[in-house]
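The values are calculated or read from the model by the stated rules, or taken from the named source; none is laboratory data. Remember, predicted model here, so these are calculated numbers, not experimental data. Cβ sites come from the backbone with ideal geometry, for glycine too, and all protein chains shown count toward neighbours. These area figures cover heavy atoms from the full protein model, side chains too; ligands, DNA and RNA do not enter into them. Shrake-Rupley method; radii C 1.70, N 1.55, O 1.52, S 1.80 Å.
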Amino acid sequence: MGEPAAGRSATGPTDPLEPWPETVRWQPVSTDLIKVEALRLGIGMLALAAGAGIGLALTGHWLFGLALGAVVVATVWRLTVIVRAVRAWGYAERDHDLLVRHGLLVRRLSIVPYARMQFVDVTAGPLERAFDLATVQLHTAAAASDARVPGLRPAEASRLRDRLTALGEDRAEGL
């Protein structure tokens, strides 16, 4: 019929982090998460910049100026990474499991079967609440499970929590 799409062979996908590119509809997280992460970064970097600035003003030593410049460069670089990292987050609900993807340098795809979920948390810290966001955290028996979906609107977080809980209960009854 034609040649396979890029990243796919005639027998299936070749990229382990995109195993179902044609059948999975990824849901993005809110771009307001960029603002939350930028504010978190700004608070920490402001403290570092203030320390370097005070040191420069009091001593006039060039190392404090260098440190101040390094803080500015690191802040700009990290802001760029934050924008790309937030856009890399996504989740997809399937019949038997939830897929969560994230990461830039190290890409991660977590597949959490509904039957393996023990409980689901919805959290929102002060910054998230200020931007009307929440995080859904999935807990399984595996200690290393870190499946979480940040940057959701509270209504979507509640809907996802309720759906995952209901599907988890349905799937666990057969075990």
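Structure notes:
- Gyration tensor (alpha-carbon) shape descriptor, the range 83-134, a/c threshold 1.5: oblate
- Estimated inter-spin distance, ARG94 and ASP132, nm [label 7 Å along Cα→Cβ]: 3.3
- Listed values for the range 89-97 are Karplus-derived 3J(HN,Hα) couplings in whole Hz (6.51 cos²θ - 1.76 cosθ + 1.60, θ = phi - 60°), namely 5, x, 9, 9, 9, 10, 4, 10, 7, and x replaces Gly and Pro.
- Contact order normalised by residue count of the range 64-103, Cα under 8 Å, 6+ apart, percent: 28
- Largest first, the residues HIS139, HIS61 sort by 1.4 Å accessible area into HIS61, HIS139.
- Pairwise centroid distance, computed over Cα atoms, of the range 93-126 with the range 56-76, Å: 40
- Value of relative contact order over the range 23-76, rounded to a whole percent, pairs C-alpha under 8 Å and six or more apart: 31
- For the range 22-175, averaging the sequence separation of C-alpha pairs within contact (under 8 Å, six or more residues apart) and dividing by the residue count gives a relative contact order of 21 percent.
- Phi to ³J(HN,Hα) by Karplus 6.51 cos²θ - 1.76 cosθ + 1.60 over the range 25-37, Hz, x for Gly, Pro: 9, 6, 9, x, 8, 5, 6, 5, 4, 4, 5, 4, 5
- Accessible-area composition of the range 26-125, carbon plus sulfur, in percent [1.4 Å probe]: 67
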